[in-house]
Amino acid sequence: MLNIKSSLKALGAATLLGLSSVTLAAPADAQATLKSVLDSIRKDSNEMSAADQARLREFQQDKNAQEARMTEARNALAVVEARGRALGAEFDANEAELGALEAQVSEQAGDFQELLGQFRTAAGETMPEISNSFANFDYPGRVEGIAEIAEARTLPNRAQLERLPKAMLQEMLAQSEVKTFTAVVDGIGPDGSNAEAELMRVGVFTAATTDGRKFVEVKKAGSGDTFLQAFRQQPSGAFASGMGSLINAGPDQIVRAPVDPSKGNLFGILGDLPKFSDRLQQGGPVGAVIAALAAIGILIGFYKVFTLFTMGGAMRKTAKTRQAGTGNPLARVFEAYETNRNTDIETLELKLDEQILRESPRIERFNDIIKVFAAVAPLLGLLGTVIGMIITFTTITIYGAGDPKLMAGGISVALMTTVFGLVAAIPLLLIHAVASSMARANQQILDEQAAGLVAEKAESLRGAMA
């Protein structure tokens, strides 16, 4: 390596000195190493050139294939465009021919074309009425037959045009019919599924099952087709009983039957009206408390009126017989008289007054409770009213006043609790008045009889002294 470096330095020096040639002497192993390096470089260069040539040939082949495919696609596009132009020309020719034929048909149809237009107008106005009729399920196929003619592009014949007036005449006749028919009804099965049922229809307005338990209505599906569906909430018992009377009526019997001229809308509204149980739920907890107080107070009041009535009857009977005993307050007063009849007047009077005072709480028992219930019930109603208004204003604060249904809950609580309070207070006040009057009457009997006993005792003592 030192020799090679010395030779390179000598070569550089010779070049600088302008010598034309310099002969360097290197050892044999250094020449062999340089030759092997040179051979390796030449080999690598040849291999890289061969790989580049292979990649170049591959790229050229891909380019040729893509150009071939592009040419093929352009040829196919040209064929399709040519076919499209041909079809467009054919379509324009057909359109022109169709327009000429339609003009020829219009010219030849004359007044019949105007009649067809009127037929289609009348069909468009009549078909909704027929499809929303119960008779449409008794006489099916009318709407489809009319729609087929109204939507056809060809001129109908006379028999086809007669479908509309025949359907209208049949609808008018069906309005006066009361008959049974069979149809599939939604929501009438045991599990709320569709089922076939026998129905009784009153004209084209009202229909119900032949047992009178289920009223049905005509509903429209999303596709525009109509179907029968049982009311989710059935009308009240009066309508069901009226339909039952019609179903069971004889041939010449005249009965009153329910008729809904809106074909189910009124019955649907009646079914949505809240029932008594719904009203109780609208009252909320306060309404439940008022109802409980009213029930307890009325039961106590009836019990008190009954006991005072029986007590008064027994006392009036005892007043006639003057029989002492323990069966009623007056009998116990007579018992006190018999026990103390040999005492002086003042002592006897005090003993009788003592017995009357002992009987008074029994006569007046529970009257104060009824009075308190009658006073508390409207106060609870007022409390429910305030709670309902708080609920309403809270709803308005959160959701606004745009939807009245959101405020209905609070308003229902406010109104129903007021109604409950008044409904509870009015009968309780009446019962309390009756019970108080009967209690005073019984108390008066005791006072009268006691005063009479004292008077008799005094007269007997004066007679003995005389």
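See the values below:
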{"read-out": "Estimated distance in nm for a label pair at LYS179 and GLU102, the labels positioned 7 Å out from Cα along Cα-to-Cβ", "value": "4.3 nm"}
{"read-out": "Rounded to 5, the percent of DSSP beta bridges in the chain classed as antiparallel", "value": "90 percent"}
{"read-out": "Separation of the SER360 and ARG158 label points, Cα + 7 Å toward Cβ, nm", "value": "10.6 nm"}
{"read-out": "Protection proxy ranking of 406-417, 77-88 - average other beta-carbon atoms within 10 Å, highest first", "value": "406-417, 77-88"}
{"read-out": "Label point distance in nm, ASP368-MET465, each placed 7 Å from Cα along Cα→Cβ", "value": "4.2 nm"}
{"read-out": "Scattering profile of the range 385-466 at q = 0.15, 0.19, 0.23 Å⁻¹ [log10 I(q)/I(0), Debye over alpha-carbon scatterers]", "value": "-0.73, -0.85, -0.98"}
{"read-out": "Cut-off 20 Å (backbone N to label point 7 Å along Cα→Cβ of LYS405), residues of the range 268-285", "value": "268-275, 278-279, 281-283"}
{"read-out": "Rounded to whole Hz, the Karplus (6.51, -1.76, 1.60) HN-Hα couplings of the range 61-77, x for glycine and proline", "value": "5, 5, 4, 5, 5, 5, 5, 5, 5, 4, 5, 5, 5, 5, 5, 5, 4"}
{"read-out": "Segments 123-131, 329-337 sorted - mean Cβ within 10 Å per residue, highest first", "value": "329-337, 123-131"}
{"read-out": "Residue-wise HN-Hα coupling along the range 114-130, computed from phi with Karplus coefficients 6.51, -1.76, 1.60 (Hz; x: Gly, Pro)", "value": "5, 5, 5, x, 5, 4, 5, 5, 5, 5, x, 7, 8, 4, x, 5, 5"}
{"read-out": "Solvent accessible area, Å² - SER40, 1.4 Å probe, full protein context", "value": "60 Å²"}
{"read-out": "Ordering of 315-327, 255-267 by packing [mean C-beta count within 10 Å, highest first]", "value": "255-267, 315-327"}
{"read-out": "Point-charge dipole on Cβ atoms (K/R +1, D/E -1) for the range 127-187, about Cα centre, debye to 20", "value": "240 debye"}
{"read-out": "1.4 Å probe accessible area per residue over the range 342-466, in Å²", "value": "59 Å²"}
{"read-out": "Percent accessible area from carbon and sulfur atoms, the chain, protein chains only, probe 1.4 Å", "value": "60 percent"}
{"read-out": "Sites ASP225 and THR394, calculated FRET efficiency, Cβ-Cβ separation with R0 41 Å, nearest 0.05", "value": "0.35"}
{"read-out": "³J(HN,Hα), Karplus 6.51/-1.76/1.60, whole Hz, each residue of the range 34-44, x for Gly, Pro", "value": "4, 5, 5, 5, 5, 5, 5, 5, 5, 5, 4"}
{"read-out": "Full-stretch length increase - MET172, GLN66 - with 0.36 nm per residue and alpha-carbon distance subtracted", "value": "30.5 nm"}
{"read-out": "Members of LYS166/LYS263; LYS214/LYS275; LYS317/LYS457; LYS275/LYS304 lying beyond 27 Å, as alpha-carbon distances in this model show", "value": "LYS275/LYS304"}
{"read-out": "Shape of the range 159-279, Cα gyration tensor, a/c cut at 1.5", "value": "oblate"}
{"read-out": "Size of charge dipole - the chain - debye, nearest 20, with Cβ of Lys, Arg +1 and Asp, Glu -1, no other charges", "value": "1820 debye"}
{"read-out": "Principal-axis tilt of helix 404-465 within the chain, Cα atoms, nearest 10 degrees", "value": "10 degrees"}
{"read-out": "Degrees, to the nearest 10: 237-247 long Cα axis against longest axis of the chain", "value": "80 degrees"}
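The values are calculated or read from the model by the stated rules, or taken from the named source; none is laboratory data. Small disclaimer: the values here were computed from a predicted structure and weren't measured. Don't worry about glycine lacking a Cβ; one is built from the backbone with ideal geometry, like all the others, and counts go over all protein chains shown. Accessible surface areas use protein heavy atoms only, side chains included; no ligands, DNA or RNA. Shrake-Rupley method; radii C 1.70, N 1.55, O 1.52, S 1.80 Å.
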